[in-house]
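Taken together, the values in this text are just the output of simple stated rules run on the coordinates, not laboratory data. Remember, predicted model here, so these are calculated numbers, not experimental data. Methodologically, a virtual Cβ is constructed for each residue, glycine included, from the backbone with ideal geometry; neighbour enumeration extends over all protein chains shown.
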Amino acid sequence: MTNFLAVERAVRTAAPHNLLGTVRAALVEHYGATDVELLMADYSLTVLQPVTELPHTAEPLSVYTSPEGRAFGSQEPYGQLASSEGVVDLHLPVTVRGDRLGILSVRIPKDRCTPDAVEELTVVAALLGHEIVVAERDTDLYLQARRASRLTLAAEMQWQLLPGRACTRNEYAIGAQLEPAYAIHGDNFDWATTSETLTLSVTNGMGEGIQASLLTNLAVNALRNARRAGIGIADQAALADQALYAQHRGQEYVSTLLLSFELATGRVQVVDAGSPQLWRQRDKTVERVNFEAQFPLGMFEETEYVAQGFVALPGDRLIFVSDGVYAAATEVGEAYGERTLARAIQAAGLLPAAAVPRAILQELASYLDADADDDALVVCLDWFGRDSRPVGGSPQHGRVSVSQLPQ
């Protein structure tokens, strides 16, 4: 524990751009590490990018076929003997409240790879994740390291608007993904939580490029401004509607699905202002949840919105999709369709919420056999309810021991 406290102090006082250098030096000194690397998950969640000298990174690693990817996917520490010299490569999730940022890889002598050491190093990786999130206010280093290619300006604006790509609490787990990750236009998701509520919005943007991104930025920030004033979701929608209409006079508007969850009871209020769809997987049944459609935000002046309701039960999986998913069509015009989407949702049934959007988008890409013409957004929310725990629980820190490593 003395070693861990020393590393913790070093990380918390490190300069934003030098977190990796500080962690590397501290782990060499206190754990006998011989190599320490940080890998960041790219925007498409398909590769892990080593953080090296910018503007370039070293060769990326696949999240599907590499040992580092195995740790990233399972969200549990994974160890392997690196050579006959008696050293172990430990791959540790760098994750903040369910948002998977990357992997910290640490090479240490086998005789120092004890369960206690693995547990402490796993906590160091989580601590590093929190410090990276804070450091991103002051440095571009980690944002640049996430990029397998250059983002369009519209995509840059959209990614900066997002709250994250995943979030977990005892009551729920959220995972979300946008595609094409490096050229998105107007689709967006947002969430915010209090001790008693979760507010979630899914936005289906109109148009393309910078104009679409500007429109979505106005809509999301108008909703946030209203939410932070402490008013209900129907009034949040009304105020955002007024802001958009005042700016564009009905020529441009935004389709939004806005929800407010009561954490203690699972009661949900919904404002359906446009095209994003909600699907529910309950036990083995997958079905679309329909609401009374109301006008998109900004289409008409002073639209009044009415909240509808339903109840989320423990074990429910809620899937939100934009029209870039459910209305996607092949080159010969064959629509993706509800039946195909339902099968994709069922096929991802055993995955955690954070991995579901990527899996559904991969199914969509395989179906289209081509690049999507529109933004595609998927948000997955697993509802556990109050005083319950996610299936499978949290990662078992320290579960990797020398005896479990390949000989």
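Can you pull the one-decimal nm distance between simple spin-label points at Thr265 and Ser366, each 7 Å off the Cα toward Cβ?
For the pair Thr265/Ser366, the computed spacing is 4.2 nm.
Search the structure for amide H atoms under 5 Å from the amide H of Phe189, placed 1.01 Å from N in the peptide plane, and list their residues when 5 or more places away or on another chain.
Those lying under 5 Å, H to H, from Phe189 are Thr203.
Based on DSSP H runs of at least 4 residues, each adding -39500 (n - 2.57), what is the mean residue ellipticity at 222 nm of the chain after dividing by all its residues, to the nearest 500 deg cm²/dmol? Please list the in-between numbers first.
Working: 11 runs with 131 residues, N = 407.
So the calculated ellipticity at 222 nm is -10000 deg cm²/dmol.
Which residues does the label zone of Arg386 cover in region 251-291, counting backbone N under 14 Å from a point 7 Å along Cα→Cβ?
Only 261-268 pass the distance filter.
Shape verdict for region 186-292, please, from the Cα gyration tensor: rounded (a/c under 1.5), prolate (a/b greater than b/c) or oblate. Could you put the intermediate results ahead of the total?
Numbers: a/c = 2.19, a/b = 1.40, b/c = 1.56.
It comes out oblate by the Cα gyration axes.
Express the relative contact order of the chain as a whole percentage, based on alpha carbon pairs under 8 Å and six or more residues apart in sequence. Show your work: numbers first, answer last.
On the way: 888 pairs, mean separation 65.8, N = 407.
Contact order relative to length: 16 percent.
Got a sec to turn the phi values of region 65-81 into Karplus ³J(HN,Hα) couplings, 6.51 cos²θ - 1.76 cosθ + 1.60 with θ = phi - 60°, whole Hz, x for Gly and Pro?
Using θ = phi - 60°, the values come out as 10, 9, x, 5, x, 4, 5, 5, x, 7, 6, 9, x, 10, x, 8, 5 Hz.
Taking H as built 1.01 Å from N, whose amide H comes closer than 5 Å to the amide H of Asp35, not counting residues under 5 places away?
Arg107
On full extension of the chain, what length is gained from Arg9 through Glu196, given 0.36 nm per residue of separation minus the C-alpha to C-alpha distance? Show your work: numbers first, answer last.
Numbers: separation 187, 0.36 × 187 = 67.32 nm, distance 3.37 nm.
Extra length available between Arg9 and Glu196 comes to 64.0 nm.
To the nearest 20 debye, what is the magnitude of the charge dipole of region 1-103 about its Cα centre, counting +1 on the Cβ of each Lys and Arg and -1 on the Cβ of each Asp and Glu?
Values: 6 positive and 12 negative charges, 77 e Å.
Result for region 1-103 is approximately 360 debye, rounded to the nearest 20.
Picking from Leu313, Leu259, Leu121, which is most flexible by a Gaussian network model of the chain using Cα springs under 10 Å?
Evaluated over the chain, the most mobile residue of the options is Leu313.
Quick check on the exposure proxy: order Thr265, Thr95, Thr152 from fewest to most C-beta atoms within 10 angstrom. Kindly include the intermediate steps, with their values, before the conclusion.
Details: Thr265 12, Thr95 21, Thr152 16.
Lowest to highest Cβ neighbour count: Thr265, Thr152, Thr95.
Round to a whole angstrom and tell me the spacing of the C-alpha centers of region 212-275 and region 149-182.
Answer, in whole Å: 18.
Using a simple charge model, +1 on the beta-carbon of Lys and Arg, -1 on the beta-carbon of Asp and Glu, nothing else, what dipole does region 61-127 show about its Cα centre, in debye to the nearest 20?
Numbers: 6 positive and 9 negative charges, 35 e Å.
It works out to roughly 160 debye.
Got the relative contact order for region 63-105 handy, in percent, Cα pairs under 8 Å and 6 or more residues apart? Mind dumping the intermediate values first?
Values: 66 pairs, mean separation 13.6, N = 43.
RCO, region 63-105: 32 percent.
Neighbour counts of other C-beta atoms within 10 Å: give me Arg358, Arg150, Arg169 arranged from fewest to most. Walk me through the numbers on the way to the answer.
Numbers: Arg358 23, Arg150 10, Arg169 15.
Placing the least packed residue first, the sequence is Arg150, Arg169, Arg358.
Most fluctuating residue of Gly309, Gly102, Gly164 in a GNM of the chain with Cα springs under 10 Å: which is it?
It is Gly309.
Can you compute the label reach from Asn221? Point 7 Å from Cα along the Cβ direction, backbone N cut-off under 18 Å, restricted to region 144-178.
In region 144-178, the label zone of Asn221 (backbone N under 18 Å from the point 7 Å along Cα→Cβ) covers 153-164.
Using 0.36 nm per residue, how much length does the chain from Ile231 to Gln75 gain when fully extended, once their Cα-Cα distance is taken away?
Numbers: separation 156, 0.36 × 156 = 56.16 nm, distance 3.69 nm.
Result: 52.5 nm gained on full extension.
Based on other C-beta atoms within 10 Å, arrange Val321, Val271 from fewest to most.
Arranged by neighbour count, lowest to highest, Val321, Val271 become Val271, Val321.
What's the extension gain from Ala293 to Asp140 if we count 0.36 nm per residue and subtract their Cα-Cα distance? Write down the numbers at each step before the final one.
Values: separation 153, 0.36 × 153 = 55.08 nm, distance 4.12 nm.
Extra length from Ala293 to Asp140 when fully extended: 51.0 nm.
Each residue of region 160-176 in order: what ³J(HN,Hα) in whole Hz does its phi give by Karplus 6.51 cos²θ - 1.76 cosθ + 1.60, θ = phi - 60°, with x for Gly and Pro?
So the Karplus estimates, Gly and Pro as x, are 5, 7, 7, x, x, 10, 6, 7, 10, 9, 4, 7, 7, 9, 10, x, 8 Hz.
May I ask you to derive the relative contact order of region 36-109, considering only C-alpha pairs under 8 Å and at least 6 residues apart, and to give it as an integer percent?
Values: 148 pairs, mean separation 21.2, N = 74.
Rounded, it is 29 percent for region 36-109.
Along the Cα→Cβ direction, 7 angstrom out, place labels at Thr114 and Ala25. What is the inter-label distance in nm?
If labels sit at Thr114 and Ala25, their model points lie 2.7 nm apart.
Just round it to a whole percent: the fraction of Cα-Cα distances in the chain exceeding 28 Å. Walk me through the numbers before you get to the answer.
Details: 41359 of 82621 pairs.
So the pairs more than 28 Å apart make up 50 percent of the total in the chain.
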